[in-house]
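Colleague: A single structure is presented below for examination.
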Amino acid sequence: MQALPFKEYVKVEGWDFVDPSEYLREHAKTLTPEFWLQVAQELDWFVKPTRSIEGEPPFYRWFRDGRLNMSYLCLDRHVRGGKRHKVALFWLGEDGTERVLTYGQYYRLVNRLAYAFSHKWGLKKGDRVAIYMPMIPELPAVMLALARIGVIFSVVFSGFSANALADRIKDSGARYLITADGYLRRGKRILLQENVRKAIAQSPVEGVLVFERLGGEWERGERDVMADDFLADVPANVHVEPIPVESDHPLFILYTSGTTGKPKGIVHDTGGYAVLLHATMDWVFDAREEDVYWCAADIGWITGHSYIVFGPFMKALTSVMYEGVPNWPDPGIWWSIAERYGVSIFYTSPTAIRLLMRYSDEYVERYDLSTLRILHSVGEPINPEAWWWFYEKVGRRRCPVGSTWWMTETGGVMVSHTPGWKLVPLKPGTNGYPIPGVNVAVYRADGSEAPRGERGYFTITTPWPGMPLTIWGDDERYVKTYWQKFPGKFYTGDYAIMDDDGYVWVLGRADEVMNVAGHRLGTYEIESAIVEHEAVSEAAVVGVPDEVKGEVPVAFVVLKEGYTPSEELKEEIKRTVREILSPIATPKEVVFVSKLPKTRSGKIMRRLLRAVFLGQPLGDVTTLEDEASVEEIKRAYEQLKGEMA
Ligand code: WTA
């Protein structure tokens, strides 16, 4: 690991900076339940909450006596408040198709959808619906329409396989599935029907609603309805009353990878989540009326839920959404879009930055990016080199650049520079301080606080609005996963260092979860996919560093009797992972071995596999059951390196 610049302070010209001591002094005042109750009053509730936090730890409930509706917060009040004609979204397709939707148009579409959902499908508060849609303007509308009638939705990333989709439909008990015919990616038409067909064969739903992005790419089955037909007889001006839901009514379930077992359905409430997003849009993004906002994530992940849909819509911002990837048709495409729409707030991932900085700087220099004001990254640690490139080449040394730390479970940003509250000097690569109302700590394994500068386990020490209600259908797992390692505190699963100034530096996962290009993947999930291949007896997957993606999976595979290692088999195993899980999870390498290194108690020693792959010292191997297994892996790896050379 390169040394982190703990002592490098960057102050951006034109911005006011406060001393860390001032930040910490003011921050300390915010660590009370009353603080959050006060922030909550800024929202437009149907019934204002008078209570802050309640509930049986760790099943906290926020603002319990409040009533609100997310769809109302995101649309009705803007439409009534004179913003009917304000642009909500500039959408750009990869083929250059542009669609512009105002808040008034979204309001109309959302009401018509909500009407059809309740009248045609009979959906009611508390029902679940799965969404498997690419980045098209209808996706936020579907989410807001379901929220309007209290239906709990679960968005499944459109790059996921049929199996992943089926699992999520089943686990959430979704009655319906909403999807689209496909999307464009690097000039290719990616179709979704095959995955949908396979998924609902395993996990039946009552019906499927299909939006058309490509046109003519869906063979209509018995249970399918095309969006145009679904809405054809719904009056254009129909109004559906937004249901005032309890603050702790679940808004959505979002599945994320854990260390063992199937992905966990993280359940978020409505009120606490809305308050956190409202607050972080101000503090972290400094969002203002005139901003043009672009979060270049996918709505299939939490970043997109919180900071493409709900956060910016609550703030009535004008947003940009782009269908394609950052380096196609050329690596200047993003900057051309930023110039075209005059983007002022830009939010992306370190992986995208590292990808783009490999090309000539000309691709970014040729565009006028003078409208940019605030830059942030999310998803993984940003290495100082990438930070500097983002700061200098994109922000032209005029914009604060942050690395917002948070996770699916936290609902919104927890640790970040806060240019909209108080801005402390930046340090390239740090996450900074916790936001107001949130407190964090770095612990040693024994539960004592780690000394400054020492790596430890990253925890959130006080409950916060936006925290999960639970894991869908599995309260026990919720407690076990997050609240037991350090009783009463939320354990994030990350390693972090706190430096002498108290700035947080999250280093990456401390558990068996990988972070591939900002996407969370459990080693266990990939292993489970690999052993589905008929030739495989056992598999162990480890994450190894990658220059662009941060981390990539490498698989060690033991074959069953009667199978011999071959290139074809490697490719087949990779294909199995792609199909069962997702292309994101595809191992970079498959190494065949005759046994895996295990402890005497039978646990795979992934640490050793990683060390062998990286050519590092093995450390303590005394718990190893059979040292020969390591020797063999070394040999297998030497051979692999030979083949690759
Ligand atoms: C990692 C994404 C360092 C971390 C919002 C966390 C980060 C996991 C940062 C959550 C950051 C996210 N610096 N690491 N700024 N942001 N992470 O649930 O390991 O997809 O636990 O949420 O990403 O990933 P998730």
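The values are calculated or read from the model by the stated rules, or taken from the named source; none is laboratory data. Source: prediction; values computed, not measured. Note: ideal-geometry Cβ built from the backbone for every residue, glycine included; neighbour counts use all protein chains shown. All accessible areas refer to the heavy atoms of the entire protein, side chains included, with ligands and DNA or RNA removed. Shrake-Rupley method; radii C 1.70, N 1.55, O 1.52, S 1.80 Å.
Colleague: Taking H as built 1.01 Å from N, whose amide H comes closer than 5 Å to the amide H of Asp286, not counting residues under 5 places away?
Modeller: The list, which skips near neighbours in sequence, is Gly420.
Colleague: Farthest toward the dipole's positive end in the chain, which of Phe17, His519, Pro587, given Cβ charges of +1 (Lys, Arg) and -1 (Asp, Glu) about the Cα centre?
Modeller: Phe17
Colleague: Specify which residue in the list Pro425, Leu355, His305 is farthest towards the positive end of the charge dipole of the chain, using unit charges on the beta carbon of Lys, Arg (+1) and Asp, Glu (-1), about the Cα centre.
Modeller: Looking along the dipole axis, the top candidate is His305.
Colleague: Suppose a student asked you for the relative contact order of the chain, using Cα pairs under 8 Å spaced at least 6 residues apart; what percent would you report?
Modeller: 13
Colleague: If you place +1 on the Cβ of every Lys and Arg and -1 on the Cβ of every Asp and Glu, how big does the dipole about the Cα centre of the stretch 147-188 come out, in debye to the nearest 20? Mind dumping the intermediate values first?
Modeller: Details: 7 positive and 3 negative charges, 33 e Å.
Roughly 160 debye, rounded to the nearest 20.
Colleague: Please work out the Cα center distance from the stretch 513-584 to the stretch 29-77, rounded to the nearest Å.
Modeller: 43
Colleague: While we're here: With +1 on each Lys and Arg Cβ and -1 on each Asp and Glu Cβ, how big is the dipole of the stretch 134-215 about its Cα centre, in debye rounded to the nearest 20?
Modeller: On the way: 11 positive and 7 negative charges, 52 e Å.
Dipole of the stretch 134-215, to the nearest 20 debye: 240 debye.
Colleague: To the nearest 20 debye, what charge dipole does the chain have about its Cα centre, counting +1 at the Cβ of each Lys and Arg and -1 at the Cβ of each Asp and Glu?
Modeller: Dipole about the Cα centre, nearest 20: 940 debye.
Colleague: Okay, next question. Which of the pairs Lys485/Lys595; Lys83/Lys549; Lys125/Lys315; Lys198/Lys480; Lys393/Lys422 have their Cα atoms more than 30 Å apart in this structure?
Modeller: Lys485/Lys595; Lys83/Lys549; Lys198/Lys480
Colleague: Spin-label point model (7 Å from Cα, Cβ direction): what's the Leu618 to Gln484 distance in nm?
Modeller: Spacing of the two 7 Å Cα→Cβ label points: 3.2 nm.
Colleague: Here is a further query. State the extension gain, in nm to one decimal, for the chain segment bounded by Val544 and Ala445, taking 0.36 nm per residue of separation less the distance between their alpha-carbons.
Modeller: 33.2 nm
Colleague: Taking Lys86 as the anchor, which aspartates and glutamates have their alpha carbon closer than 15 Å to its alpha carbon, excluding any fewer than eight residues away along the same chain?
Modeller: Asp76, Glu289, Glu290, Asp291
Colleague: In addition: How far is it, in nm, from the label point at Val238 to the one at Lys588 when both lie 7 Å from their Cα along the line to the Cβ?
Modeller: Label at Val238, label at Lys588, 5.1 nm between them.
Colleague: At Glu532 and Asp16, where each label point lies 7 Å from the Cα along Cα→Cβ, what is the point-to-point distance in nanometres?
Modeller: Roughly 5.6 nm, to one decimal.
Colleague: To continue, here is another question. Can you give the helix-only mean residue ellipticity at 222 nm for the chain, where every DSSP H stretch with n ≥ 4 adds -39500 (n - 2.57) and the sum goes over all residues, rounded to the nearest 500 deg cm²/dmol?
Modeller: Counting only the DSSP helices, I get -7500 deg cm²/dmol.
Colleague: For the chain, which whole-number percentage of the solvent-accessible area (1.4 Å probe, protein heavy atoms only) is attributable to carbon and sulfur atoms?
Modeller: The C+S portion of the solvent-accessible surface of the chain is 48 percent.
Colleague: Which of the listed residues, Pro329, Val234, Trp283, is farthest toward the dipole's positive end in the stretch 230-356, when Lys, Arg count +1 and Asp, Glu count -1 at the beta-carbon?
Modeller: Pro329
Colleague: With a 1.4 Å probe and all protein chains left in place, how much accessible area per residue does the chain have, in Å²?
Modeller: 38
Colleague: Here's something else I'd like to know. Cα centroids of the stretch 408-452 and the stretch 264-295: how far apart, whole angstrom?
Modeller: 17
Colleague: Would you kindly state how much longer the chain becomes between Glu194 and Asp361 on full extension, computed as 0.36 nm times their sequence separation minus their alpha carbon distance, in nm to one decimal? Please list the in-between numbers first.
Modeller: On the way: separation 167, 0.36 × 167 = 60.12 nm, distance 4.02 nm.
Roughly 56.1 nm would be gained on extension.
Colleague: Continuing with this model, one more query. Quick one: 3J(HN,Hα) in Hz for the stretch 210-219, Karplus 6.51/-1.76/1.60 with θ = phi - 60°, rounded, Gly and Pro as x.
Modeller: 10, 8, 9, 9, 9, x, x, 10, 9, 8
Colleague: Given the protein chains as shown and a 1.4 Å probe, how many square angstrom of Lys560 are accessible, to the nearest 10?
Modeller: The value for Lys560 is about 90 Å².
Colleague: How about the stretch 554-645: which GluC sites (Glu not before Pro) there lie in a loop by DSSP and see at most 10 other Cβ atoms within 10 Å? Don't skip to the answer; put the middle values down first.
Modeller: On the way: sites: Glu561, Glu567, Glu568, Glu571, Glu572, Glu579, Glu589, Glu625, Glu627, Glu631, Glu632, Glu638, Glu643; in loops: Glu561, Glu625, Glu627.
The qualifying sites are Glu561.
Colleague: Can you give the local net charge around Thr371? Use residues other than it whose beta-carbon is closer than 13 angstrom to its beta-carbon, Lys and Arg +1, Asp and Glu -1.
Modeller: Charge balance in the 13 Å sphere: +1.
Colleague: Grab the other residues whose beta carbon is less than 14 angstrom from that of His78, score K and R as +1, D and E as -1, and report the net. Kindly include the intermediate steps, with their values, before the conclusion.
Modeller: Working: positive: Arg77, Arg80, Lys83, Arg84, Lys86, Arg108, Lys315; negative: Asp44, Asp76, Glu289.
Neighbourhood net charge equals +4.
Colleague: Evaluated at 37 °C with a viscosity of 0.692 mPa s, what Stokes-Einstein diffusion coefficient in µm²/s does the chain have when Rh comes from the Kirkwood expression over alpha-carbon pairs?
Modeller: Details: Rh = 25.6 Å.
Answer, rounded: 128 µm²/s.
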